[in-house]
Amino acid sequence: MNAKISFRGVSRTYPVKNTVFTALDDVSLDIGDEEFVTVVGPSGCGKSTLLNLAAGLAEPTSGTVLVDGKPVTGPGPERGVIFQQYALFPWLTVRGNVEFGLKLASVPAAERTVRAQRAIELVGLGDFADALPKTLSGGMKQRCAIARAYAVDPQVLLMDEPFGALDALTRVQLQDQLLDTWSRDRRTVLFITHDVDEAVYLAGRVIVMAARPGRIHQVIDVGLPYPRTEEVRLSPEFADIRNAVWQAVYHQPAAV
Ligand code: ADP
C-alpha cells in the first residue's frame, strides 16, 4: 500500500500532577492514498490526539507521523482539518470565511474568489454565500467549514467528529455529500467519530481504539461497495459489520 499517512510507533504522554498519563501508546498505522478511514472508540481513547498529531497541532512524545513520507512538523495546507465546532468567524460571510482559509494558504486574491465560489457550490451553499454564520443552521455552518477546507484543495482531510453536533437527518445528508465528493476526488480521509453506524457507513476500514492507554484495539475491513446507498445501509451485511464494530468498541477487555 502506498501510505499517505503513517503513524510509526507513536506515543503521546501528558504530565498529570506527579505522574505521566499515556494518551496514545505505540500506535502504528498506515493509511493509504485515496483511503477513507474512520476511527471509533470510547471517550478518552486518544482519537483526537491521533488526529491532532496528523494535523501537526500536537507532537508525538516518541515515534513519527509521516504524511507523504515527510515527518509532520506543524499544520500545513496539504492537510485540511475540520472539527465538530465549526470555528467560523462570525463577522465574515460564508464567502469571507472560505476565502480566509485560502488567504492563510497564500492563494492570490483573484484565484481566491474563484476557488471559494467553487467550494461553496460544491457543498450546496451557493445561495448563502453572502450570509453571516449566525443566520445559518448547524448543518449549513458545518458545510461552510467543509467548503473552507475543500477550497484549499488539501491532499488529506482530517475530520474530528465533524457531524457530532448535528441532528440525525442532517448528519446522514452530510455523510452522503462527503462520500459523493470523496468518490470524485479520492482525497485521503481520516475521520474520527463515536458513532458506530457513521464509522461503518463511511469507511473502507474502521480503526477501533481502546483506552488507558489509548491504543489500536482492532482494525476492521468494511468491504461494502461504494457508492454507499440507503440499500447498503439497510443491508444484512451492513448490520453484521456494524455489530462487529459495536462489539469491538463496547466489549473491550480491561487494560492490563
Ligand atoms: P478522545 O478523542 O478519544 O475522547 P483524546 O485524544 O481527546 O480522546 O484524549 C485522550 C486522553 O488524553 C484523555 O484522557 C484526555 O484527558 C488526555 N489528554 C488529551 N489532551 C491532554 C492535555 N493537553 N493534557 C492532559 N491530558 C490530555
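Estimated purely from DSSP H runs of n ≥ 4, each contributing -39500 (n - 2.57), the mean residue ellipticity at 222 nm for the chain is -11000 deg cm²/dmol once divided by its residues. Cross-link partners of residue 4 among lysines, defined as those whose alpha carbon lies under 20 angstrom from its own and excluding same-chain residues fewer than eight positions apart: 47, 70. Put 22, 113, 49 in order of accessible area, highest first, and with a 1.4 Å probe you get 113, 22, 49. Once all protein chains are placed together, residue 169 keeps about 120 Å² accessible to a 1.4 angstrom probe. Per residue, the solvent-accessible area of the stretch 88-153 (1.4 Å probe, heavy atoms of protein chains only, all protein chains present) comes to 49 Å². Normalised by the number of residues in the stretch 88-153, the average gap of Cα pairs under 8 Å and 6 or more apart makes the relative contact order 49 percent. Each Lys or Arg adds one and each Asp or Glu takes one away; over the other residues whose Cβ falls under 13 Å from the Cβ of residue 86, this sums to +2. Shape descriptor for the stretch 88-153: Rg over Rh equals 0.93 (Cα atoms; Rh from the Kirkwood inverse mean 1/r). When 86, 250 are compared by accessible area of protein heavy atoms, the largest-first order is 250, 86, using a 1.4 Å probe. Angle of helix 168-185 to the longest C-alpha principal axis of the chain, folded into 0 to 90 degrees and rounded to 10: 80°.
Relative to the longest principal axis of the Cα atoms of the chain, helix 236-250 runs at roughly 60 degrees.
Contact order, relative form, for the stretch 3-100: 29 percent (alpha carbon pairs under 8 Å, 6 or more residues apart, mean separation divided by residue count).
The values are calculated or read from the model by the stated rules, or taken from the named source; none is laboratory data. All figures in this text were calculated on a predicted structure; none of them were measured in a lab. Positions of Cβ are backbone-derived with ideal geometry, glycine not excepted, and every protein chain shown enters the neighbour counts. For the accessible areas, the whole protein counts, side chains as well, though only heavy atoms, and no ligand, DNA or RNA atoms are used. Shrake-Rupley method; radii C 1.70, N 1.55, O 1.52, S 1.80 Å.
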